[in-house]
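Notes to accompany the following structure.
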């Protein structure tokens, strides 16, 4: 997974120095994205996660987790990917997913009253439905992130997010993404395709340097 939503604290989570360059980079990116999204940045908090991968998670109460690998990347990668996570927050994706899961569980529990053993189907159906729901959320968050980046002053927001996904994928060694019905995210290639058509590059030379 390139970007994952989760409601629990990831392994390796720690609170970084408030004056460390990577901390300030993440803090500024979240602040700018929250303001651009019309949200209150003072309710946002984050922690870093010890990992060389470029990943980010969003959780309850506007809490974000960002890996060392992402925090150490250039601003042109960090800002678009965190704008994507802020998009999840302002769209209420985590709450919608939790509501769906609880509704399915309640429905199967009621069904189990009339059909003995039917409630056990929740263990199979619930994860499949919620994961399919989550895959749609990723594309919605990308679309909202484009709007957020535009409000942040990006002249080519679709291209900015496309380049950030490309950069993170390169850092992650082209992560072996889980496909099929068990996947919580669409393939990164699908997300990048959904951003087409891209705006023209402001400078081909500058873009070539960004993708190195």
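The values are calculated or read from the model by the stated rules, or taken from the named source; none is laboratory data. These numbers were taken from a predicted model, which means no experiment stands behind them. No Cβ is skipped: glycine too gets one built from the backbone with ideal geometry, and neighbour counts run over all protein chains shown.
Determine whether residue 78 is buried (at least 19 other Cβ atoms within 10 Å of the Cβ), within 30 Å of residue 157 (Cβ to Cβ), modelled with pLDDT of 95 or more and within 13 Å of the chain's Cα centre (by Cα). In short, yes.
Restricting attention to the range 28-46, the residues that are within 18 Å of residue 70 (Cα to Cα), assigned to a helix (DSSP H, G or I) and without any contact (Cβ under 8 Å) to a residue 40 or more places away in the chain total 2. For the range 49-93, enumerate the residues that are touching a helix residue (DSSP H, G or I) at 6+ places or on another chain (Cβ under 6 Å) and assigned to a strand (DSSP E or B). Listed by number, the residues that qualify are 56, 58, 64, 66. Annotation: residue 8 fulfils all but one of (1) more than 15 Å from residue 81 (Cα to Cα); (2) surrounded by fewer than 16 Cβ atoms within 10 Å (Cβ to Cβ); (3) at pLDDT 90 or above; the unmet one is (3).
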